[in-house]
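Everything below concerns the one structure shown next.
We did not get these values from a lab; they are worked out from the coordinates using the rules stated. Quantities reported herein were computed from a predicted structural model and do not represent experimental measurements. For neighbour counting, all protein chains shown are included, and Cβ atoms are generated from backbone atoms with ideal geometry for every residue, glycine included.
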Amino acid sequence: MLTAVLLRSGCWLNWTPRGKCPDSDRSCREPHRIIYIPRVPEIDILAIAAHRDDVELSCAGALMKAKSMGRTIAVIDLTAGELGTRGSAETRAAEAEQAAMVMGLAARENLGLPDAGIVNTPETRARLAVAIRKFKPSIVIAPALGGRHPDHHVSAQLIRDACFVAGLAKVEPGTPAHRPRKIIHAVTHREDFAKPTFVVDITDVFERKLDAIRCYASQFEGVTQAGEVYPNGDSLYDIVRHHAAHYGSMIRCRYGEAYYTTETMRADDIGALEVPTF
Ligand SMILES: [Zn+2]
């Protein structure tokens, strides 16, 4: 049986354990069948969401801002969106590639879980854990823990559980264990979170976030509502701008994105606390 081994170089090496080589009668003392897969970039911040376009709507601003500060960013979409009301999986794949370029992602993967049928099982946790290990992220961005679409809130818990499982060496032992340090939940557009834990100032990258959203013409062109973004009569793009302006006002800037963490955030110098009361 072939086993994948991650080399120090970051390449994956498929090797055959000693004496089990399918291509030779000789016992193999060294890695035998060597297949180099292109180097997987190590990622600082990995955003994972149920559907192509979820990341663009919820956390593209924070991703692009992190990139502008020197962080590496990547995305895993859990499904191909084959059951979406508008567009096809193929169209959405091309749109996602275009949006990846706008956001400057180092990588974008699709896990191929069933659209409108994401479940949190030992199998899906292990599969996502392997994908997370490849990127070795420090921070993972997940959807809100509640949501209108079942895929969204199921994904949120699946991602949390997969991040934990990714640190268990005996689960899928062919890939080295890695547990991300922290998970944050993107809660922009969610109306059931009274207050976010923090808001990221995305003023400098907001127009590029809209450009990334506009890549999904099959989903958003001419519509006034999408996914978790509820309608108010304006175009979807205008609603996104209104929400960003609302979250921005919470931290006294023009545009913001809202995040929730289960952990309490730390402050060291209360003399330097931001966001004035008056
Ligand atoms: Zn979605």
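A few comments on the model shown:
- When only alpha carbons are used to place a centre, the range 61-140 and the range 169-243 end up 12 Å from one another.
- The H on the amide N of Val223, modeled in the peptide plane, is under 5 Å from the matching H of Leu236, each at least 5 residues off or on a different chain.
- Helical content alone sets the calculated 222 nm signal of the chain at -10000 deg cm²/dmol, taking -39,500 (n - 2.57) per DSSP H segment of four or more residues and averaging over every residue.
- The convex hull defined by the C-alpha atoms of the range 145-203 has an orientation-averaged projected area of 5.6 nm².
- Kirkwood radius and radius of gyration were both taken over the C-alpha atoms of the range 196-235, and their ratio Rg/Rh is 1.03.
- Cα point-scatterer Debye curve for the range 89-209, base-10 log of I(q)/I(0) at q = 0.09, 0.15, 0.22 Å⁻¹: -0.29, -0.83, -1.44
- Entry note, the chain: relative contact order of 18 percent, from Cα contacts under 8 Å with a spacing of 6+ residues.
- Whichever lysines have a C-alpha closer than 25 Å to that of Lys170, once near sequence neighbours (fewer than 8 apart) are set aside: Lys20, Lys134, Lys136, Lys182
- Under 20 Å of direct C-alpha separation, and excluding same-chain neighbours fewer than eight residues apart, Lys209 reaches these lysines: Lys65, Lys67.
- Ordering Arg190, Arg92 by the number of other Cβ atoms within 10 Å of each residue's own Cβ, fewest first, gives Arg190, Arg92.
- Annotation: Cα Rg of the chain relative to the compact-globule expectation 2.2 N^0.38 Å equals 1.10.
- Here Tyr260, Tyr230, Tyr255 are placed in order of increasing Cβ neighbour count within 10 Å, fewest first, which gives Tyr230, Tyr260, Tyr255.
- Exposure proxy ranking for Glu56, Glu228, based on other Cβ atoms within 10 angstrom of each Cβ and starting from the fewest, stands as Glu228, Glu56.
- At q = 0.20 Å⁻¹, base-10 log of I(q)/I(0) for the range 95-143 (Debye sum, equal scatterers on each alpha carbon): -0.90
- Once the Cα atoms are used to define both axes, helix 236-250 deviates from the longest principal axis of the chain by about 80 degrees.
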